[in-house]
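Colleague: Handing you this structure, nothing more for now.
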Amino acid sequence: MQQHWPHPPVTAHRRPVTEEESRLANGADWDRYADEYQATHGEYLGDAGFLWGPEGLTEAEAGVLGPVAGRDVLEVGSGAGQCSRWIRGRGGRSIGLDLSHRQLQHSRRIDEETGVAVPSVRGTATHLPFRDDSFDVVFCSFGALQFVADIEDAVAETARVLREGGRFAFSITHPTRWMFPDDPTSEGLTATQSYWDRTPYVEVDDSTGATAYAEHHRTLGDWVGILAGAGFRITTLLEPEWPERNERLWGGWSRVRGRLTPGTAIFGADLEPR
Ligand SMILES: C[S@@+](CC[C@H](N)C(=O)[O-])C[C@H]1O[C@@H](n2cnc3c(N)ncnc32)[C@H](O)[C@@H]1O
């Protein structure tokens, strides 16, 4: 993988990292990165748009969440709330949760600019500050899950706050991408790392030695086990193709790689009766 964001100067490692270390590093990283992220991707995301990933697949096209009108919906890792604003526009009672204060400030800014407010709270995916059985739908569009070390806790928390029969859907970097360097050019098409190596990707601040960023890998089989183990029945696994018209570069995502390998995995699952 390549350094995901050039500030501060960091060195990349593959090494174990705890949940607390991941949370502290990633919250601060998203606070630093939020302005640049929204300036670079905000227009593509749309203030009230719902994209599942860099390929540009929308929820209107994919329909992974099912009906949202009249439903209580939680977005985990909501960033600036674009997806939740799209749901509000369709009659859903969506709210956002994010680790980054700065991302939530952007959410508030867009609330004011659009007049569509997404009530949002600062928190972490592994300790959701909601009562049991509060939501009909919980989703993450590239939010939170790959930044969490204790993934079983995050998925158990999702199951706890969902009502019976509730829907959980999320997009993540496609697990097979972990075999390749995070490079959008053809250099990123040669496998250099083991698909089965779950050792986290960690960036360490060169000047302080502190963990500055952490990302976590699970294989497709791991995800099946994690979801089934928390009481979910998987109904959907989408692997969107890269549209020929899409010329966007987004980190390691590009047409060059997207023509040949999937960059995003989108899971949908229903909570079984307890
Ligand atoms: C790639 S952004 C996705 C946000 C939004 N869905 C979008 O497409 O712009 C990932 C978001 O997850 C948030 N995040 C990272 N770790 C988290 C955690 N443990 N709990 C909640 N949110 C987290 C980050 O702060 C960031 O806003």
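Colleague: Placing one identical point scatterer on every Cα of segment 129-274 and ignoring solvent, what is log10 I(q)/I(0) from the Debye formula at q = 0.10, 0.13, 0.14, 0.16 Å⁻¹?
Modeller: The computed values of log10 I(q)/I(0) come out as -0.41, -0.66, -0.75, -0.93.
Colleague: Hey, what did segment 165-213 get for relative contact order, percent, Cα under 8 Å, at least 6 apart?
Modeller: It rounds to 22 percent for segment 165-213.
Colleague: On to the next question. Running a GNM on the chain with Cα contacts under 10 Å, which residue among G63, G79, G53 ends up with the highest mean-square fluctuation?
Modeller: Ranking G63, G79, G53 by mean-square fluctuation puts G63 first.
Colleague: Helix-only mean residue ellipticity at 222 nm, the chain, DSSP H runs n ≥ 4 weighted -39,500 (n - 2.57), per residue, nearest 500. What is it?
Modeller: Result for the chain: -8500 deg cm²/dmol, rounded to the nearest 500.
Colleague: First obtain the Kirkwood hydrodynamic radius of segment 7-119 from its Cα pairs, then insert it into the Stokes-Einstein equation at 10 °C and 1.306 mPa s, and state the resulting D in µm² per second as a whole number.
Modeller: 105
Colleague: Scaled to the compact-protein estimate 2.2 N^0.38 Å, what is the alpha-carbon radius of gyration of segment 10-271, rounded to two decimal places?
Modeller: 0.95
Colleague: Order by neighbour count: T158, T190, T58, fewest other Cβ atoms within 10 Å first, most last.
Modeller: Neighbour counts put them in this order, fewest first: T190, T58, T158.
Read-outs: derived from the displayed coordinates by stated rules, not from any lab. Values in this document were obtained by computation on a predicted structure and should not be read as measured data. In this analysis, Cβ positions are derived from the backbone assuming ideal geometry, glycine residues included, and neighbour counts consider all displayed protein chains.
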